[in-house]
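Accompanying notes for the structure given below.
The values are calculated or read from the model by the stated rules, or taken from the named source; none is laboratory data. Small disclaimer: the values here were computed from a predicted structure and weren't measured. Here the Cβ positions follow ideal geometry from the backbone for every residue, glycine too, while neighbour counts run over all protein chains shown. All accessible areas refer to the heavy atoms of the entire protein, side chains included, with ligands and DNA or RNA removed. Shrake-Rupley method; radii C 1.70, N 1.55, O 1.52, S 1.80 Å.
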Amino acid sequence: VTCVEVVEAYVERIREVNPLVNAVVKDRFEEALQEARQVDQLLSEGPGNDCLEEKFPLLGVPITVKEAFSLHGMPNTSGLVSRRNVVATSDATVVSRLKQAGAIPLGVTNCSELCMWYESSNRVYGRTNNPYDLQRIVGGSSGGEGCVLAAACSVTGVGSDIGGSIRMPAFFNGIFGHKPTTGVVPNDGQFPSAQGVRTSFLCTGPMCRYAEDLELMLRVMAGPSVNKLRLNEKVSLEKIRFLCMDHDGGSVFVSPVDKEILQAQRKVVEHLESELGVQVQHVAIHKMKYSFQIWSAMMSSKDSDGQEAQLFTDLLGDHGKPVWPLWELVKWLVGMSSHTLPAIALGLTEKVMKLNPGGNAKLVSMGKSLQEEMEALLRPDGVLLYPSHPTIAPKHNSPICMPFNFTYTAIFNVLGLPVTQCPLGLSSEGLPLGIQLVAAPYNDHLTLAVARYLEEAFGGWVLPGKV
């Protein structure tokens, strides 16, 4: 098939399903088709196609990009009403690298307001719906991206993750997502940009329907820094030390893990033990019970130069008038606020957190201790199996009742560990199940290899609506 035919097929698919899911918030179909014609022209020019694969590993591949990233000519609001008219005049580094590798962006996808909530809904673009059940959330903040891939509207996509923003949407939408080891893929060119200590927690990474695409995307997105990873090493699955943890230990802030998620995880353990002949070690890491407190304290801590973390309320103001969360809450109650309730609630939580600096310092210290414990446990040959989220994709608006469930993913951001989110078929209600695969820093190749294996064993992505 020609590249034009491929792009036309995806454009048609987006036009068919986007009115239902509201994932693509701005398209560039005309430009994409023009770029596809250029690809076909290049391929028609005859010999030399062998070197094209090396030079353009993503030649003609349709992709989508989270709206928080700069994509030339596309909006870059991150769901903030005051940025409604902001249009990107350049490409984020990862977007530029993907385009240089031959990828063709079809458009940008929805996210939560300022990328800091796990339902992708905002006052600029509205709400994105889960393709498996339109009454359920797609996750956040890369929720539009997770949705558009699950709905077969794109081949691969660009997401970012500071508390699970790649992995939660990947889980809720039944696709693959990878949060790389910290510092390997550049984060620049997205709004909001991470500052201070958060620069070491934010990760940019690939989201895909098929596990094999994760590594190719990661190589392109990482550029020269890919040499920090061991992606060329052949992985012998039988030699991996598999560890398993069923839940966080019972945090009072977080829902118990759904029984179908636990059953799916047990099936993985049984499969690994019976097919690979490995012994999966069950572990109980006590400090994981305090994941929410640790993540929150580390997110608001000073960096090594003593620089304060940027206040979320400052980001909401976006260099304009300061935002007072209590006043915004009053306005929200009478339908006058331009902000979402989760954003206002986060601003209020931030104020409360600042009241206990002593307690925060202890939690930061606990986080450093947990990081050392995890790295000692995983070593260069370990992979931890851990739930992606305590519940299967919840219904719209319900996350506000259990706002801290995201810490099942968030804890690994502050620990700096690479994590691959892997789908494991559908629940009894037809909603995606999945698992997180965690390794020690710079051992991304292990989790990617296990994801490929589990895709083969459990079927990977399932087309929404397929019975």
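Quick look at the numbers
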| item | result |
| --- | --- |
| Cβ-based net charge around VAL184, under 12 Å, with every Lys or Arg adding one and every Asp or Glu removing one | +3 |
| Percentage relative contact order, segment 3-458, counting C-alpha pairs under 8 Å, at least six apart | 18 percent |
| Over 26 Å (Cα to Cα) - which of LYS179/LYS239; LYS259/LYS287; LYS267/LYS466; LYS259/LYS368; LYS66/LYS259; LYS228/LYS368 fall in this group | LYS259/LYS368; LYS66/LYS259 |
| Mean Cβ neighbour count within 10 Å, used as a protection proxy, ranking 159-171, 52-64, 9-21 highest first | 159-171, 52-64, 9-21 |
| Projected-area mean, segment 1-84, by convex hull of Cα positions, square nanometres | 6.6 nm² |
| Exposure ranking of TYR386, TYR125 by accessible area [1.4 Å probe, largest first] | TYR125, TYR386 |
| Ordering of 269-278, 104-113 by packing [mean C-beta count within 10 Å, highest first] | 104-113, 269-278 |
| Equivalent ellipsoid, the chain (semi-axes from 5 times Cα gyration tensor eigenvalues, Å) | 31, 28, 21 |
| Residues of type lysines that LYS331 reaches as a straight line, Cα spacing below 17 Å, ignoring anything fewer than 8 places off in the same chain | LYS321 |
| Relative packing of 133-146, 237-250, which averages over residues the other C-beta atoms within 10 Å, highest first | 133-146, 237-250 |
| Principal axis box of segment 1-156, alpha-carbon based, largest edge first, Å | 50, 32, 23 |
| Accessible carbon and sulfur surface of segment 3-458 relative to its total accessible area, %, 1.4 Å | 53 percent |
| Qualifying aspartates and glutamates (Cα of each under 14 Å from Cα of LYS26; at least 8 residues distant if same chain) | GLU67, GLU145 |
| Residue-count net charge about ALA449 - beta-carbon cut-off 15 Å; Lys, Arg +1, Asp, Glu -1 | -4 |
